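Student: Okay, handing you the structure first.
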Amino acid sequence: MSKKEVYIELNFDVSAANYPDCPKHIKPEIALVGASNAGKSSLLNAISNNKKIAKTSKSPGKTKLFNFFKTNKGVIVDLPGYGFSKVSKMQKKQWSEEIPKYFNSRENLKYVFLLTDCRTAFKKVDLEMIDILESLNLHYQIVLTKSDKLNNKEKEKTLQRLKDQKSMMLFSIKDEGSIFTLISKINALLSN
Ligand SMILES: Nc1nc2c(ncn2[C@@H]2O[C@H](COP(=O)(O)OP(=O)(O)O)[C@@H](O)[C@H]2O)c(=O)[nH]1
Ligand SMILES: [Mg+2]
């Protein structure tokens, strides 16, 4: 199989500012959630090998909408990033009302990837999100992003801690192995 066949073909579908505007469909859906700047857009670009599919930004808070992407097997949603200081009223409403509404009501939601920067993981906002996912019994995995920023010692330590820990994985857009691991997981999730 060539590398091109391995990547997930993503096509931007639609953005929704509020939960009721999210498109209805019958395919399996996977959600990406995480603090603003956690690396959600970069991960989408990495799994599709397409730098332009999702806008990445160095300044936090650019993705203020639910962004829906279609694959040939299902749908991937980039949720509004939470937890940065300068926010509009609308942004606060999205975190406190629209994201929980989405998790509460989304019938085809198969799985959630919760992204968090491996250097600053498990801040209050992440823990609050984990609480929501747990309380709704949603299946999820924590993706510790930007692992290339760890030195070898830190990386070794983190991997040791994550051993046999299926609920977490280390990820970097600079680590092909981690990209392909995630692609396989997504393909499997969307095939069931
Ligand atoms: N070094 C490194 N930087 C990353 C990685 N993933 C994302 N970034 C950077 O982190 C910033 C935020 O990424 P972005 O994908 O826009 O985050 P989002 O707000 O969650 O969508 C950008 O400057 C990215 O280039 C990674 O794996 N390694
Ligand atoms: Mg983004």
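Here, each number is a calculation from the coordinates, and none is a lab measurement. Everything numeric here is computed off the predicted structure, so don't read it as measured data. Quick reminder, even Gly has a Cβ in these numbers, built from the backbone with ideal geometry, and neighbours come from all protein chains shown.
Student: Write down the radius of gyration of segment 46-165 and its Dmax, each obtained from C-alpha positions, in Å.
Tutor: Answer for segment 46-165, Rg first and Dmax second: 15.6, 42 Å.
Student: Treating only the Cβ atoms of Lys and Arg (+1) and Asp and Glu (-1) as charged, compute the dipole magnitude of segment 3-191 about its Cα centre; round to the nearest 20 debye.
Tutor: Rounded to the nearest 20 debye, it is 560 debye.
Student: Then there's this: Only bridges whose two residues both fall in segment 3-191 count here: according to DSSP, what percent of them are antiparallel, nearest 5?
Tutor: Here the share of antiparallel DSSP bridges comes out near 30 percent.
Student: Ile186: net charge of surrounding residues, Cβ under 15 Å, Lys/Arg +1, Asp/Glu -1, itself excluded?
Tutor: That works out to +2.
Student: While we're on this one: What distance in nm separates the simple spin-label points at Lys155 and Leu127, each placed 7 Å from Cα in the Cβ direction?
Tutor: For Lys155 paired with Leu127, the spin-label model returns 3.0 nm.
Student: How far apart, in nm, are two points set 7 Å out from the Cα along the Cα-to-Cβ line at Ala17 and at Ser105?
Tutor: So the label points at Ala17 and Ser105 sit 1.7 nm apart.
Student: At a Förster radius of 25 Å, what calculated FRET efficiency corresponds to the Cβ-Cβ distance of Lys64 and Ser167, to the nearest 0.05?
Tutor: Calculated value: 0.30.
Student: Is segment 1-49 best put as rounded, prolate or oblate by its Cα gyration tensor, with a ≥ b ≥ c the root eigenvalues, rounded for a/c under 1.5, and otherwise prolate when a/b is larger than b/c, oblate when not?
Tutor: oblate
Student: At a threshold of 8 angstrom on Cα-Cα distance, excluding pairs fewer than six apart, so keeping six or more, what relative contact order does the chain reach in percent?
Tutor: Relative contact order of the chain: 25 percent.
Student: Want the number for Asn137 to Glu97: 0.36 nm per residue separation, take away the alpha-carbon distance, what's left?
Tutor: Full-extension gain reported as 12.6 nm.
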